[in-house]
Every structure is written in C-alpha cells, then in structure tokens.
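Below is one structure; the comments refer to it alone.
The values are calculated or read from the model by the stated rules, or taken from the named source; none is laboratory data. Since the model is a prediction, treat every value here as computed from it, not as a measurement. Please note: Cβ atoms are built from the backbone with ideal geometry, for glycine as well, and neighbour counts cover all protein chains shown.
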Amino acid sequence: MKTITFYSYKGGVGRSLALSNIAVRLSELGQNVCVMDFDLDAPGLRFKFKDYQFSSPIKQGLVDYIYKFSNEGVLDDISKYAISLKPANDFFKEISFICAGDIESKDYWSKHAKIKWQDLFFSEYGQGVDFFLDLKAQVEKKFNPDYFLIDSRTGVTEIAGITLRLLADHVVVLGINNRENLFGSKQVIKSLLSDDNMFPKKPSINFVLSRAPFDKHEKEKERLVIEKIREEFKSHLGLSYFDISVIHGDKKIEEEEGHLLRIDQQVQLGSISSDYWDILKIVTEGSLNLDAKVLQIRRAQIEFIKYMNETDNLRKLELLDEAIKLDGTKYLYYSERGNLNFKLGNIDAAIIDHQEALKISPSSPKLNYNIAVCYTEKKVYDLALEYLNKSDDVGYPAFYCKGFIYRETGSYDLALQALNTALSISPTQDKGFNTRADIHRLLGNYNEALSDILSAIELKPDKAIYFATLAEIYASQGKEDDFYLNLTIALSKGLSSDELSSARDVYERFLKQEKFIALLGKYDIDPDDIKNGNYTVRNVGLS
C-alpha cells in the first residue's frame, strides 16, 4: 500500500479535486483505492465524487473514530467508519471512503472540538503516534488498497503533521501563484525535508502549481513563470534540483468542483485531464507501470467509443473484440458484446460473454438476468431459473421472464405468482397483462383473462398479438364467432406464425376447419408453421 497525502497551505487551490481525480484514475486502472478526508475543519471530499453513489448514508467518520480513542479510550475497527463509493460509470472500481463524519449533525462539531490533541501527542503518556500508525495498518488490513489517498488539513498544525510526516509515503503539495501560497508551500516543504524527532519519516514530495492561468498559446510565458518559481524553491530549500507539476485552470471545473470522468476528455492530449495523468505518473512512480497500462486502457476505451458510434453490427462486434483484447478487466465490454451476440443470434457466445462479465462483477443482478434470458432462448429452463433467482433486483423483467418459463413448463400457478409480482412492480406493462391473460385462460379464469387482455389492448391498441390472445380466450370459452373476429383483426395487424405458435393448444383445434385454413391463407401463413413456430422470451430483451 502506498500512502499519498494531498496538502495545501491555503484552501481554494483544488487540493480535494486533485485527489478525487487521482483516485478515479487509479480505480480506472484496476487499482484498489481508499481515500480519507482528514480536513476535519472543512471537510468537503465527499462532494468531489459526483458520479459515484454512496453505499450508505454518512453517519460517522474519522472524527468519531478519533474521539472514541481520545476521549473514551476505545480503539475501534476503522472499517465501521467507512463507506463505498460506487461508480455510475462501469469502467471504474469501487473506492473505499473514510469520510470526516456527518458534518450536518451538531454531534460532529461537538466531538471535533473535544478531541484531546494535546494529550494524544504532547502528554507524558500520549499515544497519538501509535494510534495513527495503527489506523494506517488497519486501512491496509481491512481494505487492502493499492493506494491510500489522504486529504490533509491546510496550514501548519498537528493534524497536518500526522498526514504529512507520520502517514505519508509521498506528499503532493498544491499552491497557486501568489506570495502567500508560495511562501507557505516553501515553509512546509522545508519542514518535510528536515529532521523531526516526533515524525522521523521523510516522504517524497511533489509540488504542483495549480489553477495556472495559461492556455496552449502561452507556452513560453508559462515556462518563464515556472522557471522563476523553481529557482525560488531551489534557493530557499538549498536544493540543486526541484521539479514542478502544473494543473491548468478551468473555470467550468472550478465552478462545478467535479472530477473529470468522461472518456473522450481523457483521450484528448493537452486537456486538463492530461495534467492529472502527469501527476499520477509521478505519485505512482515505482509502484505502477503506468505508461504501458494507460496506453493499453486508453486504446481499449477508444475502441469502445468507436463501438458506441458504429451502426453496423458486425463492425461493432469487431470493435468490442479489440477492446476486450486490449483490456479484459471491464465487465461492461463483455456485457455489451454479450448483448450484441444475443442480438445477432449467437446465443452460446452471448452466454460466455455474460459469464465472463459476471466473474468481474459477481453481484450484478443484471448480468444474472441476461444469462437467464439467453438460457430461456435455448429452452434450458432449469439453468434460466437458477440465474433468475439471483436477479430479482432487476425488477419487472426478471419476474416476467419467470412467468414465461413457468407458463412454458406448465407450472401455471407459479407463472401467475410471478406475473402478479411483475405487474405489482410495474403496473403499466402491456406485455405483462397479455401474458397473465394467457395464464388465466389456461387456468380457466376467463373473467380475469378478459380483464387483463383488455388492459393490454388499452395500453397498446396496435399490438397484433393482444387481439390474438383475446381470440384465444373466446375460443377457450367456445365463442367461435368472437374468436374469428379478433383473430382476423390480429392477422390484419401483422400477426406472425411464431406468435400463433405461443397458443398451439388453441389453434390446433381449428386446423381441420376450412374457414381457419382459408383465413391463414389470406395472410400467407402456412398452417404447419403454427406447429413449428418458436415463440420465445426474446421479446423481453436483455438488461
């Protein structure tokens, strides 16, 4: 685990924003990342992950953890004070987040004010150093991160000393180009390079000139400014060499305070996103073969972007093949290729793709559902149900698919239960009403069947199969005139032989009637096609 602290002498320089960008990029590279908000006076790191969902509401955090030890003598489990940041974008891994605490509660500020920092570090029996070293050890054990990123408090305080000297392997110092920021940054870097009895460890340091107001046409002006600042630092610190990184200013980003997630921004050289990539290379030097990985992952992302913009399905498949060849760690690539293979009729290939995706994201109900639909298409219903039982969170489609399978296997009561659940979740699904109407017909519940099919027709009056279902209900009641009337309407609306085959039990009774044969002939349907049709759950669609 490499621990990187992000520090600034003053606020408002983009420190938390830089940390969130580095965290996102590391997670994009498949790294396990833990971030901690140690800016206890002005915690704001939680606001920098706009495209992430919190696994649970923030109820407690680092302040509560420290208070419990400082004031109550309890050394607790740090994982109880953390949540997960779940990415909306499927390219990224979850990030473990130890927040400062529930800053909206009075309890947070009360505990923060009562933490006994003096006793922790300066009393005769102070255990502050051991406590925070244990915190770092717990983070490594509980979260197993490749990188532990800490957002430090500003200024020169005991808290800054903890995050800079005690915990950090590498420190990123950010400052903007004014006298106050540069003065403070020089003083802090000098202290980090000096000997300290309490915090003897010396981290490596990276200074970043943030929010630099230069555009691509001002390269020479930028070079001169940076060279001047570099000479000031070298002279003050007594160093022969001092490097400076740059994050260019971007008013939109500064206003929104959000990190850069869009793939198209990441592949554009010279964008502000590339500034963060340059910093990432420095802070991960020696621990991550970044250049080779970044190149490969970016190439895969470009192939995926091409796939998203392509219209020809075979070409889309080639692009997904290339993306997976370049980067086989993204479940989205496999899932998309599985969907495309299903669409192309390559069902076995679709199953393999979704199973590969499931290995990467084993708790995904959508992937379980997609595999179930593929097995339903192959009529391997036992395996389909096995996967469906892990996909209830998908909602209506999962229960609809169960209803279809139970209908096909003759388990009508179970089919009815599944359809009832599906329609309770989504009560305006015309297909659900149609299928439930068919099940009610098979159970002899004709009034319920008629009610459901009329609801389906009301929702989608141009759907041919719904009039066919209505005809089938009338046929089951022995009402032949109503059967022929509604079947004629269905055929006129484009009813297919596959759709007719979904109720073979009804139509096979009419195959010897000349009137029925003549009606089918009028719409170019071969009676044998009803017997051989293949009406499947494909109409549900993948998730």
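Scanning the range 267-298 for residues that are modelled with pLDDT under 80 and assigned to a helix (DSSP H, G or I) turns up 272, 273, 274, 290, 291, 292, 293, 294, 295, 298. A residue that is surrounded by 15 or more Cβ atoms within 10 Å (Cβ to Cβ), in the same structural domain as residue 36 (by TED's automatic domain parsing), aromatic (Phe, Trp, Tyr) and part of a strand (DSSP E or B) can be found somewhere in the range 200-217. Scanning the range 224-240 for residues that are surrounded by 11 or more Cβ atoms within 10 Å (Cβ to Cβ), out of contact with any helix residue (DSSP H, G or I) (no Cβ under 8 Å at 6 or more places or on another chain) and either closer than 15 Å to residue 205 by Cβ or at pLDDT below 90 (or both) yields 230, 234. A single entry from 371, 425 fulfils the requirement of being more than 30 Å from residue 490 (Cβ to Cβ) and of a type in the set (A, V, I, L, M, F, W, C): 371. For residues in the range 164-181 being assigned to a helix (DSSP H, G or I) and either outside the structural domain of residue 31 (by TED's automatic domain parsing) or modelled with pLDDT of 80 or more (or both), which is farthest from the chain's Cα centre (by Cα)? Taking the candidates together, the pick is 179.
Filtered by the rule that a residue be loosely packed, with under 15 Cβ neighbours inside 10 Å and part of a helix (DSSP H, G or I), the range 488-503 gives a lone residue, 492. Is there a residue in the range 348-357 that is of a type in the set (Gly, Ala, Ser), in contact with a Ser or Thr (Cβ under 6 Å, 6 or more places away or on another chain) and more than 30 Å from residue 217 (Cβ to Cβ)? Yes, the range 348-357 contains a residue that is of a type in the set (Gly, Ala, Ser), in contact with a Ser or Thr (Cβ under 6 Å, 6 or more places away or on another chain) and more than 30 Å from residue 217 (Cβ to Cβ).
Within the range 1-26, residues that are at positive phi and in contact (Cβ under 8 Å) with a residue 60 or more places away in the chain sit with their Cβ atoms under 7 Å from residues that are of a type in the set (Val, Ile, Thr) and surrounded by fewer than 24 Cβ atoms within 10 Å (Cβ to Cβ), at 6+ positions apart or across chains, in these pairs: 14/247.
Looking only at residues in the range 115-149 that are touching a Phe, Trp or Tyr at 6+ places or on another chain (Cβ under 8 Å) and in contact (Cβ under 8 Å) with a residue 60 or more places away in the chain, the one that is farthest from residue 161 (Cα to Cα) is 140. The residue that is farthest from residue 436 (Cα to Cα), among those in the range 460-515 that are among the basic types (Lys, Arg) and in contact (Cβ under 8 Å) with a residue 12 or more places away in the chain, is 515. For the range 46-61, the count of residues that are within 25 Å of residue 133 (Cβ to Cβ), of a type outside the set (S, T, N, Q) and touching a Gly at 6+ places or on another chain (Cβ under 9 Å) is at least one.
For the range 302-312, indicate whether the set of residues that are farther than 24 Å from residue 88 by Cβ, surrounded by fewer than 15 Cβ atoms within 10 Å (Cβ to Cβ) and under 22 Å from the mean Cα position of the chain (by Cα) is non-empty. Break it down stepwise before answering.
Residues of the range 302-312 farther than 24 Å from residue 88 by Cβ: 311-312.
Then keep just the ones that are surrounded by fewer than 15 Cβ atoms within 10 Å (Cβ to Cβ); that gives 311-312.
With under 22 Å from the mean Cα position of the chain (by Cα) added as a condition, the list becomes none.
So far as the range 302-312 goes, no, none of its residues is farther than 24 Å from residue 88 by Cβ, surrounded by fewer than 15 Cβ atoms within 10 Å (Cβ to Cβ) and under 22 Å from the mean Cα position of the chain (by Cα).
From 390, 379, which residue is under 21 Å from the mean Cα position of the chain (by Cα), within 30 Å of residue 437 (Cβ to Cβ) and not in a helix (DSSP H, G or I)?
Details: 379 fails: under 21 Å from the mean Cα position of the chain (by Cα).
When all the criteria are applied, what remains is 390.
Each residue in the range 441-482 was checked for being basic (Lys, Arg), under 20 Å from residue 423 (Cα atoms) and not in a helix (DSSP H, G or I), and 2 of them qualify. Would you confirm, using the coordinates I've provided, whether residue 424 is surrounded by fewer than 24 Cβ atoms within 10 Å (Cβ to Cβ), more than 18 Å from residue 465 (Cα to Cα) and polar (S, T, N, Q)? Yes: the conditions hold for residue 424. With respect to the conditions (1) modelled with pLDDT under 85; (2) within 47 Å of the chain's Cα centre (by Cα); (3) in a helix (DSSP H, G or I), residue 528 lacks only one, and its number is (2).
Taking the conditions exactly as written (touching a His at 6+ places or on another chain (Cβ under 7 Å) and either in a helix (DSSP H, G or I) or crowded, with 24+ Cβ neighbours inside 10 Å (or both)), does residue 438 satisfy them or not?
Values: touching a His at 6+ places or on another chain (Cβ under 7 Å): no; either in a helix (DSSP H, G or I) or crowded, with 24+ Cβ neighbours inside 10 Å (or both): yes.
Criteria not met by residue 438.
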